[in-house]
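Report on the structure given below.
The values are calculated or read from the model by the stated rules, or taken from the named source; none is laboratory data. Note that this is a predicted model, so its numbers are computed, not measured. FYI the Cβ positions are ideal-geometry reconstructions off the backbone, even for glycines, and counts take in every protein chain you see. The protein model used for the area step is the full one, side chains on, heavy atoms only, and it has no ligands, DNA or RNA in it. Shrake-Rupley method; radii C 1.70, N 1.55, O 1.52, S 1.80 Å.
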Amino acid sequence: MTGVTVCSGTVNSIKSLWETRIKKSKDDLKKEKEQRGQKAVGRLTGAWEDRITLAKLKEKVVTEEGHVILRIEREEWKTLPAALSQLAHIQEWQLHRIGLQKIPQFISIFESLIVLDLSRNSITEIPKEIGKLTRLRELLLSYNRVNYVPEEIGSCENLEKLELAMNHDLDDLPAQFSSLKKLYHLDLSMNQFTTIPDCVVSLPSLEWLDMGSNRLEMLPDDIHRMDKLHTLWLPRNELQHLPDNISRMQSLDTLVLSKNKLRDIPPLMERMSYLRFVNFRDNPLTYDVTLPDLNEDVDEEENDREMFGREFMHFYIQEARKRGYALLNMYCVQTFR
């Protein structure tokens, strides 16, 4: 009897184990089927969502003057959907105030892109894929949070206009930046630059530069290398003096230097007859100079003069020279007594 009991117990154990395994196998199979079903539903749902998103994007596409433009303003698009890659023929992005945090890496497939305007968003970086956009002419990223410009930007060989104003922590540019041979308009205002980078000075086609509201402490001595520059905005910086070579900037006709720490105006700037507009307002200049009154019979247009403009610059230099001669004569008299 004892042997039979042991055998019966063994059989029951095996049977129980087998039934447990069968149940587990059935449960696993059921779970796998459910997961496959969920994935299928997910893929179907994802496909429908992509279609809906793509349809929504297409509603934002317009054609103006022969250019295909994606224009979105004041909506919530923190990220751009992959469905956008199906509209690779678009030539301009105009995405303003949409809360965008990142430029997608698939930007590289938009080979026809001419204008990329992502101003007033929350973008923190420019992807290296930007270098693939060899037809890009305008890159507008002002009022974002960009603190780094990748060296690949030097491959944007047709870039003509770049705006990076008000990105707060931006304080440097890569050496490859000087490869932008066609760049003529550059806005780096309201950032953290302490000097004009050499790669900017080396730009051969630069005509317009704004570096106002930075922390510029000095200008490069070879600033005259920017021989095509006609407009230079430098207000609200920390400049204490100007290099003499600024007088050799043959194309410069607009120079704004208001709200700096300038103590003097280089005498050589007197030769800059081509300089049409200059502003020295709100600088602690050494001499307190006031322009002489014009005759009452002069035209009203001539009487409308900028107190710290071009005429002021010439008058200041003349007065500084006179006072300098006076001090020199006084020194000579005292020396030979």
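Some observations on this one:
To keep it simple, each residue is scored yes or no on (1) open to solvent by less than 50 Å² (accessible area, probe 1.4 Å); (2) at pLDDT 95 or above; (3) not β-branched (Val, Ile, Thr).
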{"position": "HIS224", "(1), (2), (3)": "yes, yes, yes"}
{"position": "HIS230", "(1), (2), (3)": "no, yes, yes"}
{"position": "GLN250", "(1), (2), (3)": "no, no, yes"}
{"position": "THR254", "(1), (2), (3)": "yes, yes, no"}
{"position": "LYS259", "(1), (2), (3)": "no, yes, yes"}
{"position": "LEU262", "(1), (2), (3)": "yes, yes, yes"}
{"position": "PRO284", "(1), (2), (3)": "no, yes, yes"}
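- Here region 173-217 is the region considered, the condition is being surrounded by fewer than 16 Cβ atoms within 10 Å (Cβ to Cβ) and within 18 Å of LEU239 (Cα to Cα), and the residue that is farthest from the chain's Cα centre (by Cα) is GLU217.
- Residue pairs meeting the criteria (Cβ under 8 Å; at least 6 apart or on separate chains; first modelled with pLDDT under 95, in region 125-140; second among the acidic types (Asp, Glu) and assigned to a loop (DSSP other than H, G, I, E, B)): none
- Matching entry among LEU232, LEU216, LEU170 (being under 30 Å from PHE110 (Cβ atoms) and without any contact (Cβ under 8 Å) to a residue 60 or more places away in the chain): LEU170
- Residue within region 151-161 that is aliphatic (A, V, I, L, M), open to solvent by 10 Å² or more (accessible area, probe 1.4 Å), within 26 Å of HIS230 (Cβ to Cβ) and assigned to a helix (DSSP H, G or I) present: no
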